[in-house]
Each structure stands twice: as structure tokens, then as C-alpha cells.
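The values are calculated or read from the model by the stated rules, or taken from the named source; none is laboratory data. Since we're looking at a predicted model, the values are computed, not measured. Cβ: placed from backbone, ideal geometry, glycine included. Neighbour counts: every protein chain shown. Side chains included, ligands, DNA and RNA excluded: accessible areas come from the protein's heavy atoms. Shrake-Rupley method; radii C 1.70, N 1.55, O 1.52, S 1.80 Å.
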Amino acid sequence: MMKYLIDKKEDIKKLEVVDRELNIRPNKDFVITIIGPRRAGKTFACYYLIKKWGLRDEDYLFVNFEDDEVKKRSREEIVSFIKTHVEIYGKEPEFIFLDEIQNLKDWESFVYSLVEKKRYFIFLTGSSSKLLSKEVATQLRGRSLNYVIFPFSFKEFLISKNFELRKIYSSIEEAKIKNFLVEYIQKGGFPLVVLGKIDEKTFSREYVDVVLYKDIVERFKIENVDAARFLLYSLLESFSKEFSINKVYKAMKEKGMEVSNKVLYSYASYIQEAFFSFFVKKFYYSYRKSELSIPKVYVNDVGIANNFSRHQFMENIGRLMENLVFIELKKQELSNLIERIYYFKDTQNEVDFVVKKGLEIDQLIQVTYASNKDEVEKREIKGLLKASEFLKCKNLLVVTWDYEDEINVNNKRIVFKPLWKWLLI
């Protein structure tokens, strides 16, 4: 373990890291939890903090619970790493970084014992949404502060391309931004892809395989790998659409695949827990009705969705835009800036997103690939107006490709905003 701790720091020194939109202040009274999808940059966010704060080797301890060197160690060896650090440097570490902590059995009690001492700044990262659960919050006695990292946002994507962000842009700069947005939607925001370390199609294939085998099959000890794979690929094909697990079950049955409906629902929850895909329920005033509704499904990165689609990019652009808007809303939900996201649908009308804050519906959002007023379909406006009446919400937004305006219809104001502007707010 001693050699591992030393070698890890040597590796960190050699790495170049990219700044992320992550404003973290260390606090010895709370555990800082950095959560999000696999390969979104959680580990590198820790590296960034180490470099940003100028931490010396003796100041910090870093353990990645996915490293083979750590996996083969006994629990006793692992939880005694502070003593090992003292043997090496003659002092306790002030900063402790525990990467992919969900791989350590019964980690909650161990971490809580460290927090209670109030001697360390503790940082956890994890690819499991269980780190957000009330159960974990209870076990840590409310001593955790959560930060969410997804693949690069469009703003971070522009920064990585050395594009200077400002409040006002020239016509040429706007054209460049829209060109970058096309690239971003096609390739996605995973750091390895954005920084040119790997081709986006190769990354997408490898990423889905890793999520399937490491985050789902291995983590939850799944035996029916074929069923898990079929479900995962079905989710991918259905991004930004309603998704019925019962239909998948029937399709698998027709193919002679033996699996129960109950098992498929469990697999779907595992996929969500790995931050790979997310379900958005239909809005009802009845919580029970919402929970039992057929959800829409979205994936954690538009590049993954695009590169697994059987359709051409321009055929999918509307759905990809909708998925991208969802990701930004989901970040707000996970950061507790909004309470929950729904969609609205009745017999004739549909609204992509219903944003709830507290007990109130705060905003209704439609997403459409439109570059001028004539391209905005009447059904988009009709759906917004219908939902506005039913949900008593006046904050109406249509996210477009390149159309910006404000109009009044039936005494209701509807704001049209280009996607790139909405993303850079």
C-alpha cells in the first residue's frame, strides 16, 4: 500500500488537467461528494483541486478503489492508509481523496468515523446515484455536500476549444458558436472525446460495454447478461421518447429470451443508478399516477445517443436537442436547484419538460429544431398553452435552433430562445 500511495502522487504530477465549472470550498465538518457518470471527469476534478490548491505530497492522500493494486488488498490494509501515510511522511494528511468509494464495502461507517474526527478535508467520488440517497445521508448524519459532474457542458466544451466567453458576440462569433454546437451534439462532451484522446465512435462503443459489464453486471452480480444488454440498447434507441419496459419484455419473449418483467425493472434501476440513462415521468397532480406513468428516457450524453443511432444526424437533431436540454435540467435537479422534471401529455397535446420548484410548477419548456417563426409548429404552441392553463404556469419557453423572439398568444407570453444562448446562460 505504501508504494501505491507514493506512485499515485507521481502519476498525478505528470497529468495535465482541464478546469471545470466546479466551485468547491473544503470544509472539515462535511464530506464533499463528487458524483456523476463514469468517465465524466470526477477523478480529474480531484486532480484539478490538488493542483489548484498547490497540495504537497505530505498534504494529501489519494486512493482509487477501482485500481487493481487497491482491489487486491484486504479491507484492514485499505482502511489503515492514514497510518501508512504517517509512516511515509511523518504526519497525517490534511486532505483525503477517496475515488469510486462505492467499491469499498460498508464505506459509510468508515467515512463517518473520519468525519467525526474533524481533522481532515474529505472528498469522495462515485459513479453510483446511491451516494445521493437519503440512506447515505442518514448514515453520514447529514454530513455530506454533493457536487455533480457530467460530461463537459457546452460552456466547458467552448472553454476547452479556447473560445472566449462573453456576454455579447459578433455575428461571426455567433456563427462559430453554432458550428461548435453541431460538433458538440455530434461528438458529445466526454473529456476523452473533446480533448481528442479517442475517436467518438470508438469511445461510444467501449463506454457502453464498460457501463454494461462494470457498472451493471459486475456491481449487481447479474447473471442474465443478454437481457441486460438488450434493455440497455433498447434504452439507447429510445432516447427522448416514451419507453415501456413491458414492451421490451414482450419483444424479448418473442425472441425466446427468458426473463421476468420484475427483473427488467430491476435492471432499469441499475442503469439509472450508474448515471447512464434517466427516466422522466408524466406529470399528474397525483404522485401515484406519475410514478405509474410510462416515462420518457434520456441518456447522459448526446454523443453516445448520436453515435448509437440508426438514423442520420439531421434526422435526429430535434431529439438530440431535447436530450441536451434534459441533461442541463437534470444537473439542476441533482444540485437541488429545482425539485423535479416531468413531461406533460394529454390526448392531443404534449410539452417536453415541466419544471417543478417546491410545490409550484416553475416553467414549461418545448424544444424544437426551428430557425425562424414559420418553422415553429402550431402544435408546439398549442401544447404549451394547454399545459399553461392546466398547470397554472405562465413561464413558457421554446428552445429553438436559431429563432429568438417573444410573442403574446391568448394573453400569455412565450419566449423563444436559441439553444446555444440557453446553454450559455
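Annotation for the stretch 2-32: GluC sites (Glu not before Pro) lying in DSSP loop with at most 14 further Cβ atoms inside 10 Å of their Cβ are GLU16, GLU21. Remark: the stretch 410-416, residue by residue, has Karplus-estimated 3J(HN,Hα) of 6, 6, 10, 8, 10, 9, 10 Hz, where x stands for each Gly or Pro and the curve is 6.51 cos²θ - 1.76 cosθ + 1.60 at θ = phi - 60°. Classification of the stretch 1-117 by its C-alpha gyration tensor yields a rounded form. The axis ratio a/c (a ≥ b ≥ c) stays under 1.5.
Rolling a 1.4 Å probe over the protein heavy atoms of the stretch 222-320, with every protein chain left in place, gives an accessible area that is 49 percent carbon and sulfur. On the beta carbon distance between LEU359 and VAL409, with R0 = 22 Å, the FRET formula returns roughly 0.25. Go through LYS289/LYS330; LYS13/LYS91; LYS8/LYS71 and tell me which ones have a Cα-Cα distance over 18 Å in this structure. From the list (LYS289/LYS330; LYS13/LYS91; LYS8/LYS71), the Cα-Cα distance tops 18 Å for LYS289/LYS330; LYS13/LYS91. Beta bridges per DSSP, both residues in the chain: antiparallel share near 40 percent. Hey, can you grab everything whose amide H is under 5 Å from the amide H of LEU61? Only 5+ residues off in sequence or another chain; H modelled, so Pro and N-termini drop out. Amide H neighbours of LEU61, under 5 Å, 5+ apart: PHE95, ILE96, PHE97. Helical runs (DSSP H, four residues minimum) scored at -39500 (n - 2.57) apiece and divided by the length of the chain put the mean residue ellipticity at 222 nm at -13000 deg cm²/dmol. Phi-derived couplings, Karplus 6.51 cos²θ - 1.76 cosθ + 1.60 at θ = phi - 60°, listed residue by residue for the stretch 151-167: x, 3, 6, 5, 5, 5, 4, 5, 4, 5, 8, 6, 8, 7, 7, 9, 7 Hz, with x used for Gly and Pro. Entry note, the stretch 297-425: relative contact order of 17 percent, from Cα contacts under 8 Å with a spacing of 6+ residues.
In percent, rounded to a whole number, the relative contact order of the chain is 12, using alpha-carbon pairs under 8 Å and six or more apart.
Computed extension gain for PHE180 through LEU114, at 0.36 nm per residue and net of the alpha carbon distance, reaches 19.3 nm.
Compute the Cα gyration tensor for the stretch 288-391, then decide on rounded, prolate or oblate, letting a ≥ b ≥ c be the square roots of its eigenvalues: rounded whenever a/c is under 1.5, prolate when a/b is larger than b/c in the other cases, and oblate in all that remain. Oblate, since a/c reaches 1.5 and b/c is not below a/b. Using a probe of 1.4 angstrom and keeping all protein chains present, the accessible surface of the chain works out to 49 square angstrom per residue.
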